[in-house]
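The values are calculated or read from the model by the stated rules, or taken from the named source; none is laboratory data. This is a predicted model, so every value here is computed, not measured. Because the Cβ atoms are built from the backbone with ideal geometry, glycine has one as well, and the counts that use them run over all protein chains shown. Keep in mind that these areas ignore ligands, DNA and RNA; they rest on the heavy atoms of the full protein, side chains included. Shrake-Rupley method; radii C 1.70, N 1.55, O 1.52, S 1.80 Å.
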Amino acid sequence: MDIAKRNPNNPLMRPSDLKPAIPGMEITCLLNPGVFRMNGKTWLVLRVAERPVQQDGIISFPVYDKEGKIKVLSFDKNDPQLDATDPRVIVFNGQYYLTTMSYLRLVCSDDDVHFTEDPAYQPIFGEGFQESFGIEDCRVATMDDGYYLTFTEVSPVAVGVGLISTKDFKTIKREGMIFPPHNKDCALFQEKIGDLYYAFHRPSSPELGGNYIWVAESPDRIHWGRHKCIATTRPGKWDSARVGAGAAPIKTSEGWLEIYHGANKENRYCLGALLLDLNDPTKVLARSEEPIMEPIAEYEQTGFFGNVVFTNGFYLGEDGDTINVFYGASDEVICNAKFSIKEILATLKK
């Protein structure tokens, strides 16, 4: 049951709308952005994925070397040691690599349709070995004391969650890795519950357990503990293979409303909702039986990695009911849709 009201101007942004920030590269994908409001504008923190222009018979991709400089690795597509069946990840001689390098880039809009860059706000690139394959999938929590960005740090040894804090997006403070490997899909609650901060995160266990949504608490947004699993995959359903949090949850009179993503074994990504207790977000009150959004539009079905709708960000409309969601479609283009909180809650009651 798809209840999303898609923007008729979708896709709002394509890779061709921006120029590469890394010399010698091309932009392959624009992916699910973090969202915030600042100076009367809507801002997106895009995940931009770049790679070298591909040559026939060769697969090439960028990585950071030990000195923090970008170098290009190239392999013959016919090499028997190469597995390039997934457009996102390749394996060569047992070592995993990403086919693109991602970083974060800010764009803004007055009308939620036409987005442009402001040169005063520079891209955010990976730094150090733990981000040597790039940084991905930013979520922005708007709080009383500033903006807090959670994102995925990717390196040859692990995938973990990093944190950046800022008050103006011109000066940033890197807080390091706050959730150790293997972890991603971290979204901070935008206000305290009692004296504590809360966050969703997704540790992954390939042997025991799976890709599930967890909640943790913290006194300072850096040190996290008391982890509890709140949502697992469900066999035979639309979220049978993996689940993960979207953006920060929305505080409603009936509970914390979280829009999350789920995928099946065919890697078809949809959106659903969780309703959590206001005083104890480890208590799940309701969960979508069917998706509230599915990849049914053409631009959601075909692209770099098709059949994907994936969101990291939204802002709440002035009416207190409209959720302005920005999402990535097919791992390639940026789109917008609106949801009604009342409509989502009604689906949960059913």
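Charge dipole of region 98-200 (Cα centre as origin; +1 on each Lys and Arg Cβ, -1 on each Asp and Glu Cβ, all else neutral): 360 debye, rounded to the nearest 20.
Quick check: from the Cα gyration tensor, does region 55-141 come out rounded (a/c under 1.5), prolate or oblate?
Prolate is the answer for region 55-141, as a/c is 1.5 or above and a/b outweighs b/c.
Taking a spot 7 Å from the Cα of S16 along the direction of its beta carbon, which residues of region 99-115 have an amide N less than 18 Å from it? Of the residues in region 99-115, 114-115 have backbone N under 18 Å from the label point off S16. Taking each DSSP H run with n ≥ 4 as -39500 (n - 2.57) and averaging over every residue of the chain yields -1000 deg cm²/dmol at 222 nm.
Please give me the summed charge of the neighbours of N211: other residues whose Cβ is under 11 Å from its Cβ, Lys and Arg +1, Asp and Glu -1.
Net local charge, N211 excluded: +1.
Please compute the modelled spin-label separation between D220 and E290, points set 7 Å along Cα→Cβ, answer in nm with one decimal. Label-label distance for E290 and D220, simple model: 4.8 nm. Other residues lying with their Cβ under 9 Å from the Cβ of S340 contribute a combined charge of +1, Lys and Arg counting +1, Asp and Glu -1.
Dipole of the chain, Cα-centred, from +1 at each Lys and Arg C-beta and -1 at each Asp and Glu C-beta, to the nearest 20 debye? Can you show the working numbers first?
Values: 37 positive and 48 negative charges, 87 e Å.
So the magnitude is around 420 debye.
Towards the positive end of the charge dipole of the chain, with charges on Cβ (+1 Lys, Arg; -1 Asp, Glu), say which of G246, P203, I164 has the farthest Cα. Positive-most Cα among the choices belongs to P203.
Which whole-number value in Å² is the accessible area per residue of the chain, probe 1.4 Å? All intermediate terms of the calculation are to be shown ahead of the outcome.
Details: 15360 Å² over 350 residues.
Solvent-accessible surface per residue comes out at 44 Å².
Protection proxy ranking of 166-175, 32-41, by the mean of other Cβ atoms within 10 Å over each peptide's residues and highest first, is 32-41, 166-175.
Computed from backbone phi, the HN-Hα couplings of region 61-66 come to 7, x, 9, 8, 8, 5 Hz, rounded to whole numbers (Karplus: 6.51 cos²θ - 1.76 cosθ + 1.60, θ = phi - 60°; Gly and Pro given as x).
Among the listed pairs K184/K283; K192/K237; K184/K237; K41/K71; K66/K184, which have their C-alpha atoms separated by more than 30 angstrom in this model? Please report the intermediate quantities before stating the final value.
On the way: K184/K283 21 Å; K192/K237 33 Å; K184/K237 22 Å; K41/K71 36 Å; K66/K184 24 Å.
In this structure, K192/K237; K41/K71 exceed 30 Å between Cα atoms.
Answer rounded, prolate or oblate for region 174-291, using the Cα gyration tensor with square roots of eigenvalues a ≥ b ≥ c: rounded when a/c is under 1.5, else prolate when a/b is larger than b/c, else oblate. Oblate.
Where a ≥ b ≥ c are the square roots of the eigenvalues of the C-alpha gyration tensor, would you call region 190-231 rounded, which needs a/c under 1.5, or, failing that, prolate if a/b is larger than b/c, or oblate? Don't skip to the end; give the middle numbers.
On the way: a/c = 3.11, a/b = 2.42, b/c = 1.28.
Cα axes put region 190-231 in the prolate bin.
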